[in-house]
Structure formats: C-alpha cells, structure tokens
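The values are calculated or read from the model by the stated rules, or taken from the named source; none is laboratory data. Remember, it's a predicted structure, so these values are computed and weren't measured experimentally. So basically every Cβ, Gly included, is an ideal-geometry build from the backbone, and we count neighbours across all protein chains shown. SASA here: full protein model, heavy atoms, side chains in, ligands and nucleic acids out. Shrake-Rupley method; radii C 1.70, N 1.55, O 1.52, S 1.80 Å.
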Amino acid sequence: MQVKPRDLSSGLAGGLRPVYLVTGDETLLVEECCELVLSAARREGFAERTVLHVEPGFKWHDLLQEGASLSLFAERKVLDLRVPANRFDRQASEALREYLEDVSPDNLLLVRTGRLHSRQRSSAWYKAIDAAGAVVPVWPVDHRELPAWLARRAQAAGLDMTRDAVAWLAGRVEGNLLAAAQEIDKLKMAGLDAPIDAGSVEAAVTDAAHYDAFELIDAVFAGDARRVRRVLATLREEGIALFALLGAFTSQLRGIGSGQWMPPQRKRLVPGFLRRCGSPERVLAQVALVDQQGKGELRGDAWISFERLLVRLCGVRLPPLEREARYLRH
C-alpha cells in the first residue's frame with residue numbers, strides 16, 4: 001500500500017502494518033517519517049529496537065535470524081533496516097521475501113533507503129513489501145511547494161507568520177530543508193511577537209540557501225530565467241565546477257526521449273522546454289561550445305556563455321552562441 005508522507009500519521013493511528021518502507025533522498029523528511037513509525041510502534045508496545053546497517057560484510061541471513069529470535073525480555077521489537085538504494089541485490093530480494101512469508105506479530109520491520117528507480121519499484125521484493133505493509137515514497141520539496149511546506153511547519157510549531165515572512169524565509173533556505181527546519185525552531189525559541197513579519201525573520205535568520213545541479217536544470221526546464229540566474233550564481237560562489245554542471249545538464253538532455261528515468265516533476269516540464277528550445281541535439285551543440293570555452297579552446301568567459309545559454313532556453317531572446325563561435329576562435 002502506498003502512503004503519502006502527509007497521510008502517514010493518520011494511517012498509523014488506524015493500526016500498524018508489519019513492514020514499512022520509507023524511500024527518498026530528502027534526509028530530513030525520511031527521518032521524520034521513520035520517527036513517526038517508531039513513535040507509533042512504541043505506543044503499541046514495541047519497546048526493543050535492533051538497527052541493521054547493510055554495509056560491506058553484512059549478511060542478509062542476519063535479518064532472518066533477528067526476525068526469528070525471541071527478545072531477551074519477551075518484548076515486541078522493531079527491526080530498523082538501513083539499506084543504500086544500490087544494495088538491493090538478489091540476496092536482499094530473497095531475504096526480504098522470505099521474511100515476509102512468515103512475519104511474527106511481535107516484530108515490525110522498518111526499511112529506510114534512498115530514492116528507488118522504476119526498475120526497483122517493479123521488483124519482487126518491492127511488490128512483497130507493498131502487499132504486506134506500506135511504502136512511503138518521499139519526494140523533494142521543490143521551490144514552488146516550499147512556501148506552503150514552511151507555512152505548515154511554522155503552524156505546527158505554534159508560529160503565526162505573515163505570507164511575506166514565509167516567502168522571505170523560503171528564498172533564504174531554498175533547497176535545504178534541514179536548514180529550513182532549524183530556522184523554524186530558532187524562530188520559535190526567539191519568542192517573537194505575532195504575527196511574525198518579514199523584517200523580524202530577516203533579523204533572526206541566516207542565509208542558508210543551497211542548490212545543486214538538478215535545481216538548476218529544473219529551473220531551466222520550467223523556463224524561470226530569474227531563478228536560473230540566482231541558482232547559477234550561488235553554485236558558482238560555492239565553488240561548484242562548471243564542468244560538473246555541464247555534465248549534469250548534458251546527461252539530462254541526452255536522457256530526454258531515451259527512456260532514462262527522470263523525476264515526475266521534471267518530466268512534466270519537458271514538453272514546455274522542447275517547445276522553447278527545439279531539439280535536444282541543437283542544445284547539446286551549444287553546450288559543447290561552452291565546454292570548449294571552459295577548456296580554453298575558445299575565447300570568452302564560459303560562465304557568462306553558460307548563463308546566456310540557459311536564460312535563452314527559458315525563452316529570453318538572445319542570439320545563440322554558435323553565431324559568435326567563429327569570432328571566439330584563437
């Protein structure tokens with residue numbers, strides 16, 4: 001059974017399932033979902049917990065042994081299994097399915113892992129967990145969802161924040177949910193007068209914005225030129241290598257139409273991106289020119305050219321780089 005993170009609390013209140021799989025790359029949200037499961041388990045008398053880390057040397061038979069062994073104090077126990085997403089091999093599949101064939105009512109299995117690819121989500125072990133328990137897929141909170149997420153979190157913390165205050169905070173912590181949660185906690189401890197306005201938040205909050213290459217790609221696919229400029233400037237200030245960004249962007253371009261897995265929220269943006277830029281092959285040719293600039297094979301500032309390319313792909317009218325290529329050659 002699939003359960004959205006926001007529905008997990010109500011689902012747990014209706015009774016515990018024998019196994020929960022929490023999967024995603026957003027560490028804060030994964031940890032919070034797991035803590036909800038553990039808290040519900042403690043309320044139901046699961047007083048003991050065994051943590052199993054799947055790392056070099058781990059034997060999947062250990063999971064079966066733990067599931068079959070009685071607690072020293074005859075108490076119900078949680079098996080907290082922590083698995084890197086790339087470690088679900090044949091032995092893992094066999095062990096998980098064997099465990100689920102005869103689950104003791106005195107055990108609860110909590111499996112936490114990173115984001116799973118579509119191939120893994122169609123595997124036998126995944127389907128076995130989905131049939132016997134609950135799968136909680138945790139997706140990142142993108143910049144459009146972040147203000148609402150912050151508002152809900154502030155409300156849960158007992159804070160009354162104005163819309164402008166939430167928007168200001170979202171701009172400062174975008175891409176860093178852990179920092180966002182910490183700033184909400186700091187605002188709660190600050191004891192500010194309600195409603196908390198943007199000026200009060202600005203005085204209390206540090207700039208914790210953090211991006212990665214995929215935040216930049218999402219902004220390009222969405223056609224948000226202003227966001228592209230901001231994300232690219234921040235990545236450059238943080239010392240991210242230009243070639244790392246070019247590589248990630250090239251990989252996504254080549255993945256369009258090839259069947260390569262892509263997050264649903266990014267996949268929905270692809271048709272609009274293609275309407276603006278035409279074929280991915282044409283964009284790849286321009287990326288290659290930026291790459292040549294970065295390697296010193298063409299004159300000019302590769303960072304400026306990369307920004308111009310990305311902004312033009314957002315729909316801003318700028319001449320393509322290939323028109324200038326012959327003037328940039330040594």
Legend entry - Odd one out for L150 among (1) open to solvent by 10 Å² or more (accessible area, probe 1.4 Å); (2) closer than 24 Å to F214 by Cα: (1)
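I'm trying to understand the selection: among the residues of region 221-248, which are open to solvent by less than 10 Å² (accessible area, probe 1.4 Å) and closer than 16 Å to I304 by Cβ?
First pass over region 221-248, keeping only residues open to solvent by less than 10 Å² (accessible area, probe 1.4 Å): 221, 228, 231-232, 235, 245-246.
Hits for region 221-248 are V228, V231, L232, L235, L245, L246.
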Legend entry - Single unsatisfied condition, G175 versus (1) crowded, with 18+ Cβ neighbours inside 10 Å; (2) more than 19 Å from L313 (Cβ to Cβ); (3) more than 20 Å from the chain's Cα centre (by Cα): (3)
Inset, instruction - Can you run down the residue pairs with Cβ atoms below 6 Å, 6 or more apart or on separate chains, where the first is in region 25-50 and free of Cβ contacts under 8 Å to residues at least 40 places away in the same chain and the partner is among the charged types (D, E, K, R) and assigned to a strand (DSSP E or B)? - result: G45/R76; E48/K77; R49/D80
Inset, instruction - Please note which strands (runs of 3 or more DSSP E) are completely contained in region 1-98 and include at least 3 residues that are over 21 Å from K127 (Cβ atoms). - result: 46-53, 76-83
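Does E215 satisfy being among the acidic types (D, E) and surrounded by 18 or more Cβ atoms within 10 Å (Cβ to Cβ)? Show your work before the answer.
Working: among the acidic types (D, E): yes; surrounded by 18 or more Cβ atoms within 10 Å (Cβ to Cβ): yes.
Yes; evaluated as a whole, the condition is true for this residue.
One line per residue, one yes/no per condition, for (1) open to solvent by less than 30 Å² (accessible area, probe 1.4 Å); (2) out of contact with any Cys (no Cβ under 9 Å at 6 or more places or on another chain); (3) closer than 24 Å to S118 by Cα; (4) modelled with pLDDT under 90:
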site: L12; (1), (2), (3), (4): yes, yes, no, no
site: L16; (1), (2), (3), (4): no, yes, no, no
site: Y20; (1), (2), (3), (4): yes, no, yes, no
site: C34; (1), (2), (3), (4): yes, yes, yes, no
site: R42; (1), (2), (3), (4): no, yes, no, no
site: R49; (1), (2), (3), (4): no, yes, no, yes
site: V54; (1), (2), (3), (4): yes, yes, yes, yes
Inset, instruction - Just one of (1) at pLDDT 90 or above; (2) closer than 25 Å to P105 by Cβ; (3) open to solvent by less than 20 Å² (accessible area, probe 1.4 Å) trips up L63, so point out which. - result: (1)
Inset, instruction - Looking only at region 197-217, decide whether some residue is free of Cβ contacts under 8 Å to residues at least 40 places away in the same chain and of a type in the set (V, I, T). - result: yes
Legend entry - Residue within region 7-17 that is closer than 12 Å to N107 by Cα, touching a Lys or Arg at 6+ places or on another chain (Cβ under 9 Å) and of a type in the set (D, E, K, R) present: no
Inset, instruction - Quickly run through region 163-172 and pick out the residues that are touching an Asp or Glu at 6+ places or on another chain (Cβ under 7 Å) and surrounded by 16 or more Cβ atoms within 10 Å (Cβ to Cβ). - result: A165, W168, L169, R172
Inset, instruction - Return a yes/no flag: does region 187-194 have any residue that is open to solvent by 30 Å² or more (accessible area, probe 1.4 Å), more than 25 Å from the chain's Cα centre (by Cα), at positive phi and not charged (D, E, K, R). - result: yes
Inset, instruction - Would you be able to tell me the number of residues in region 244-297 that are within 20 Å of the chain's Cα centre (by Cα) and part of a loop (DSSP other than H, G, I, E, B)? - result: 6
Legend entry - Positions within region 262-312 being basic (K, R) and open to solvent by less than 20 Å² (accessible area, probe 1.4 Å), in sequence order: R266
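Could you please let me know if L108 is open to solvent by less than 30 Å² (accessible area, probe 1.4 Å), closer than 14 Å to G133 by Cβ, in contact with an Asp or Glu (Cβ under 9 Å, 6 or more places away or on another chain) and of a type outside the set (S, T, N, Q)?
Details: open to solvent by less than 30 Å² (accessible area, probe 1.4 Å): yes; closer than 14 Å to G133 by Cβ: yes; in contact with an Asp or Glu (Cβ under 9 Å, 6 or more places away or on another chain): yes; of a type outside the set (S, T, N, Q): yes.
Criteria met by L108.
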